[in-house]
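The values are calculated or read from the model by the stated rules, or taken from the named source; none is laboratory data. This structure is a prediction, so every number in the text was calculated from the model and none was measured. Note that each Cβ is placed from the backbone with ideal geometry, even for glycine, and that neighbours are counted across all protein chains shown.
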Amino acid sequence: MAYVAVKGGEAAIAAAHAWLARVRRGDTRLSAIAAAQIVAQLGRAVDRVMAEGALYDPQLAAMAILQAQGDLIEAAFLVRAYRTTLPRLIDSDPVDTAAMRTQRRISAIFKDLPGGQRLGPTTDYTHRLLEFDISAVAAIKPDAPKADPDPAIAATLPRATDLLGAESLIEGEVPSLNEPIDLTMSPLAFPASRDERLQALARGDEGFLLALGYSTQRGYGHTHPFVGELRMGAVGLRITPPELGFAIDIGDIILTECQMVNQFAGSKTTPPQFTRGYGLSFGHADRRAMSMALVDRAMRAEELGEDVSAPAQNVEFVLSHCDNIEATGFVEHLKLPHHVDFQSELETIRAMRREAQATKGAAPDEADNAGL
Amino acid sequence: MSVLLEARHISHRFGRTLALDDVSLTLRRHEILAIVGESGSGKTTLLNMLSGRLTPQSGDILYYDGHAATSLRVRGERAVRTLQRARWGYVAQDPRAALRLDISAGGNIGARLMASGARNYDDIRAMAARWLEAVEIDVDRLDDWPRTFSGGMLQRLQIAATLVTDPELVFMDEPTGGLDVSVQARILDLIRSLVRRLGLAVVIVTHDIGVARLLADRLIVMRRGCIVEHGLTDQVLDDPQHPYTQLLVASVLPV
Amino acid sequence: MQGYNFAYLDETTKRMIRRAILKAVAIPGHQVPFASREMPLPYGWGTGGIQLTASLIGADDVLKVIDQGADDTTNAISIRSFFARTAGVRTTTHTDAATLIQTRHRIPEIPLRDDQIIVYQVPMPEPLYRLEPSRAVSRRMHAMADYGPMHVKLYEDITRFGRVAVSYDHPVVVNRRYLMSPSPIPAFDNPKLHRMPALQLFGAGREKRIYAVPPHTDVVSLDFEDRPFNPIRAPHRCALCGAEHSYLDEMVIDDRGGRMFACSDTDYCASYQAREA
């Protein structure tokens, strides 16, 4: 019996995969989508998959989106599972976002600042009207701006937070001499340092970060946030091979960085200063970088002597639940067979009911009380 | 009477605040020691240090176990936990924080027995019933959840849950704070009779001079992290020496 | 398999996992954190067990994979074919022919030997998580052996239901020290953990923990002296092989209350049938 059933299970799995492939392809009268089209036209989806998949590779992310039928968590999972098999050749030098060739740079705390406000390719002021004429969506105005009209100017915009820093109005970020922890190579431990926290948030689920960030705005761990600056653009990636001893440029990546300026901390002896929350994401991801910055700041409550009471301030809670690959696995595993456990529950509940009924027959009053 | 617990030169800071400043004291077996002072005087911090819930930044707490005195620091966290589970007890001001409201009254009383190794269900249950009676709660309530109990009943339940392991030393933090005056009197009577009957040593923190007078053999008056006066309760209260103690006594004992 | 190392994981990762296994064996029942990798199967599908198996398996091993006691459940088939594909090892459904057994939710009916290793897939390695959700706090409770709350839970069950209401994943104390989750095996299987000749390894991929019960180690199910641990099984015989003492699955055969009971351990059932025939 077992042998036959094994074969049956194998056949069932194979049939499921074949069916899935057919569904994924959809109506064959329509042309198949190429990964390159996804990279070009579904950029925000690609960015999210790169961020949550923790691998900067638009082409791979697009392939994963295609393979996952557009299920972005599934796509991020495909990227992660591939990423974990890749050899670690070298660590890059820290990227310098001050030297970013910004396509977008806005500050909510100054009306104007050196370099000016720059909207970039944003939906911020789009009227959300469904465009029924698809040709209108596809149309490009001949005078539409392109990235990096003048890279020299774009790369010399000071960070808004540095302007505050010049007056010591905001806490300084002291560079750490320690090697940052690599979350993918060592298990998360509590209390988690800020490098661990930021790494976990950087690949955390966008929806979870958004909801937690939002909850802080509604009073669950309020931090009085202002968007000090939000910038998006290309940053040069450099490595310093030990055999060369100097840095070489290996290419650009698009990043979105958000620096939140939050309510001040201080004391009788330390003059008050604004505090920071930091968000960084692969690709163009305002929502993600801003949410991350809110949650990062909320998780600093203990360090800054604030009451720790809200979910977003609970470091263990946030970090243990922000990874959507882990979360979706554990939620969805409930659909695997559990009939052995359920059988033991069935026998236990039947036994308890038998005993309760037997007691009831003997002494009805007592059994009624026990039921309370 | 021999010494049971001793604090030697305890100092502790929270941030820039000096919470305790070179505090020393001794507690003898079967003795009831009250620590009085206004809020912020350091009395609860001192209680937390004595009971091993906080480790002082400097100074030592010694516990006289049999013949030898060993500092809590040297004993280590695990040995202190073992003490806290049975031979020591702690009665918190808010019983809701100390009890588990989703566990029956019997389970709450039995918890410390089980934590110290009791493994006989019927014995644990019988002991819980006996202690429920001892704190004047109807045994019918043994299987009820404490969330249906009044504030005074909850505090009595906490006392039962603490004393069930027959401790030799109990720490109490404002055990009647937050209760109605009539309920307070009943709890104080209960504590007084149980403590005497069981021969407990007690360190009780209170801001209420009346509570100290009723329960304590000796008294320590604290102000700004320092002990400003100590002695036998009657002596200190009838003839306070330090101006701060005089102020405390005058403001609370007009009748 | 082209492009991948033998048994999928790279050798550095396998070494890291084997170091964690050694530590786990040295401290029976203690959960050892390890840098769990993302696997090509989802978390919750046995990624902890798969990483243990991958780091232990050699070309000469014979692998058996069961889920719910059966070799023929879909996830068991999937994991078995994963190793057949990535390691090319021999696989078997026969418990006594296997050198390495990966399981989810069951221990085989026939006693395991000292030349076998059993790997359990573990969803929640922390036995205290329902009482204390913070792992920072529960780790401290393990360090202090603060296990009273677990007994309070059993006390409450008996008080409220007349018996302990834990029917699977019933917590155990290993080597008289650490409280341990036996993984969600039915309480019926708990006695098999005690002094088992085979090495027992437990892997939780998502929670990033490995723990172990070395051969011949004491494993005691939590209970009270006067309410001894007393697991129950469906009071029937297997409808297929007639076995009287095996753990049974219940199958619904009609919509009028009809039930059929059959061995959950499919290999045991098949060999029982063969013996009886």
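Selection of the range B:83-96 for residues being within 14 Å of chain C (Cβ to nearest Cβ) and out of contact with any Ser or Thr (no Cβ under 8 Å at 6 or more places or on another chain) yields only B:Leu83. As a summary of the residue check, C:Ile210 satisfies the conditions (1) more than 9 Å from chain A (Cβ to nearest Cβ); (2) at pLDDT 95 or above; (3) within 30 Å of B:Ile124 (Cβ to Cβ) except for the one numbered (3). Take the range C:21-36 and flag every residue that is among the small types (Gly, Ala, Ser) and touching a residue at least 12 places away in the same chain (Cβ under 8 Å). Result: C:Ala24, C:Gly29, C:Ala35, C:Ser36. Got at least one residue in the range B:232-239 being within 18 Å of B:Thr44 (Cβ to Cβ) and not charged (D, E, K, R)? There is no residue in the range B:232-239 that is within 18 Å of B:Thr44 (Cβ to Cβ) and not charged (D, E, K, R). Tallying residues that are in contact (Cβ under 8 Å) with a residue 12 or more places away in the chain and in a helix (DSSP H, G or I) within the range B:31-65 yields 7. Checked against the criterion of being farther than 30 Å from A:Thr184 by Cα and either surrounded by fewer than 21 Cβ atoms within 10 Å (Cβ to Cβ) or touching a residue at least 40 places away in the same chain (Cβ under 8 Å) (or both), the range C:197-207 has at least one qualifying residue. The set of residues in the range C:98-128 being of a type in the set (Val, Ile, Thr) and under 21 Å from C:Gln51 (Cα atoms) consists of C:Thr99, C:Ile101, C:Thr103, C:Ile107, C:Ile117, C:Ile118, C:Val119, C:Val122.
For the criterion of being in contact (Cβ under 8 Å) with a residue 12 or more places away in the chain, in a helix (DSSP H, G or I), surrounded by 19 or more Cβ atoms within 10 Å (Cβ to Cβ) and within 10 Å of another protein chain (Cβ to nearest Cβ), A:Ala327 passes. For the range C:118-133, indicate whether the set of residues that are in contact with a strand residue (DSSP E or B) (Cβ under 7 Å, 6 or more places away or on another chain) and part of a helix (DSSP H, G or I) is non-empty. The answer is no; no qualifying residue exists.
C:Leu131 passes every criterion in (1) surrounded by fewer than 19 Cβ atoms within 10 Å (Cβ to Cβ); (2) within 13 Å of chain B (Cβ to nearest Cβ); (3) closer than 16 Å to C:Ser181 by Cβ; (4) in contact (Cβ under 8 Å) with a residue 60 or more places away in the chain apart from (4). Do we find a residue being part of a loop (DSSP other than H, G, I, E, B), in contact (Cβ under 8 Å) with a residue 60 or more places away in the chain and more than 10 Å from chain C (Cβ to nearest Cβ) anywhere in the range B:66-75? Scanning the range B:66-75, I find no residue that is part of a loop (DSSP other than H, G, I, E, B), in contact (Cβ under 8 Å) with a residue 60 or more places away in the chain and more than 10 Å from chain C (Cβ to nearest Cβ), so the answer is no. Here B:Ala115, B:Ala79 are screened, and the one residue that is among the hydrophobic types (A, V, I, L, M, F, W, C) and without any contact (Cβ under 8 Å) to a residue 12 or more places away in the chain is B:Ala79. Considering only residues in the range C:25-52 that are away from chain A (no Cβ under 11 Å) and over 17 Å from A:Ser186 (Cα atoms), the one that is nearest to the chain's Cα centre (by Cα) turns out to be C:Gly49. The condition (being in a loop (DSSP other than H, G, I, E, B) and at pLDDT 95 or above) is satisfied by just one residue among B:Asp102, B:Asp143: B:Asp143. Restricting the first member to the range A:343-360 and to residues that are at negative phi and modelled with pLDDT of 90 or more, and the second to residues that are among the small types (Gly, Ala, Ser) and in a helix (DSSP H, G or I), the beta-carbon pairs closer than 8 Å and six or more apart or on different chains are A:Ser344/C:Ala187.
Out of B:Asp143, B:Asp166, B:Asp138, one residue alone is within 19 Å of the chain's Cα centre (by Cα) and surrounded by fewer than 21 Cβ atoms within 10 Å (Cβ to Cβ). It is B:Asp166.
Only one of the numbered conditions (1) of a type in the set (A, V, I, L, M, F, W, C); (2) more than 10 Å from chain A (Cβ to nearest Cβ); (3) in contact with a strand residue (DSSP E or B) (Cβ under 8 Å, 6 or more places away or on another chain) is violated by C:Phe224, and that is (3).
So which of A:Arg276, A:Arg297 ends up being at pLDDT 95 or above and not β-branched (Val, Ile, Thr)? The conditions single out A:Arg297. Would it be correct to say that C:Pro108 is farther than 15 Å from C:Lys192 by Cα, of a type outside the set (Phe, Trp, Tyr), outside any helix (DSSP H, G or I) and more than 14 Å from chain B (Cβ to nearest Cβ)? The answer is no for C:Pro108.
Would you check which residues across the range B:236-247 are assigned to a helix (DSSP H, G or I) and over 19 Å from B:Ile32 (Cβ atoms) and list them? Within the range B:236-247, B:Pro243, B:Tyr244, B:Gln246, B:Leu247 qualify.
When each of A:Thr102, A:Thr122 is tested for being in a loop (DSSP other than H, G, I, E, B) and surrounded by 15 or more Cβ atoms within 10 Å (Cβ to Cβ), the lone residue that passes is A:Thr122.
Report whether or not A:Val227 is in contact (Cβ under 8 Å) with a residue 12 or more places away in the chain, within 19 Å of A:Thr275 (Cα to Cα) and part of a strand (DSSP E or B). Yes, satisfied.
Is it the case that the range C:54-63 has a residue that's more than 9 Å from every other protein chain (Cβ to nearest Cβ) and in contact with a Gly (Cβ under 9 Å, 6 or more places away or on another chain)?
Yes, there is a match, as at least one residue in the range C:54-63 is more than 9 Å from every other protein chain (Cβ to nearest Cβ) and in contact with a Gly (Cβ under 9 Å, 6 or more places away or on another chain).
Among the residues of this structure, A:Arg194 does not count as one that is at pLDDT 95 or above and not assigned by TED's automatic domain parsing to the domain that holds A:Glu74.
Could you check the range C:80-105 and list, in sequence order, the residues that are within 14 Å of another protein chain (Cβ to nearest Cβ), within 15 Å of the chain's Cα centre (by Cα) and β-branched (Val, Ile, Thr)? Hits for the range C:80-105 are C:Thr95, C:Thr103. With respect to the conditions (1) buried (at least 22 other Cβ atoms within 10 Å of the Cβ); (2) under 30 Å from A:Phe317 (Cα atoms); (3) of a type in the set (Ser, Thr, Tyr); (4) more than 14 Å from chain B (Cβ to nearest Cβ), C:Thr73 lacks only one, and its number is (2). Restricting to the range A:266-305, count the residues that are part of a loop (DSSP other than H, G, I, E, B) and under 17 Å from A:Ser193 (Cα atoms). Within the range A:266-305, residues that are part of a loop (DSSP other than H, G, I, E, B) and under 17 Å from A:Ser193 (Cα atoms) number 7.
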